[in-house]
Each structure stands twice: as structure tokens, then as C-alpha cells.
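Each reported figure results from applying straightforward, stated rules to the coordinates on display, with no laboratory input. Note that this is a predicted model, so its numbers are computed, not measured. Note that each Cβ is placed from the backbone with ideal geometry, even for glycine, and that neighbours are counted across all protein chains shown.
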Amino acid sequence: RRKQNRNNGNVEKLIIKYNELAREALSNGDKILSENYYQYADHFLRISLEQKERTKEKTQNISG
């Protein structure tokens, strides 16, 4: 359980990191690199949502 919480934190940090990199690339005029970083951020966002859904399901299974 502790490991999963730690991974959630890392995923959240990666989402922030890649969004920041995307904004920086865009401000430097590199639209392609920016889009690449946004795709990474989107990937980690999906992972985060999947992890949260799994956690929710486990909690419901335990309590129900």
C-alpha cells in the first residue's frame, strides 16, 4: 500500500514536470517538442487516473 502511494506521488510530479517542459518549449517556439511533452503528461495523467480508480475499487471491495 505504501508503495502505491509513493508511485502516485511520482506520477503526479511527472505530470507537472512534463506540463512545465511543454510550456517552456512552447514559449521557445518549439511546437513539436511542446506537443511531445504534452503527450507524456497526458500519458502519466491516464496512469494516475487508473491508479486512483484501482484504489477506489479496492476500497469499495474491502468495505462492501
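List of remarks:
- The equivalent ellipsoid that matches the C-alpha gyration tensor of the chain spans semi-axes of 32, 10, 6 angstrom, in descending order.
- Residue-wise HN-Hα coupling along the stretch 9-14, computed from phi with Karplus coefficients 6.51, -1.76, 1.60 (Hz; x: Gly, Pro): x, 5, 5, 4, 5, 5
- Positive-end extreme of charge dipole, the chain - chosen from Gln60, Leu33, Leu45 (charges on Cβ): Gln60
- Nearest-ten-degree value, helix 31-63 long axis tilted from longest Cα axis of the chain: 10
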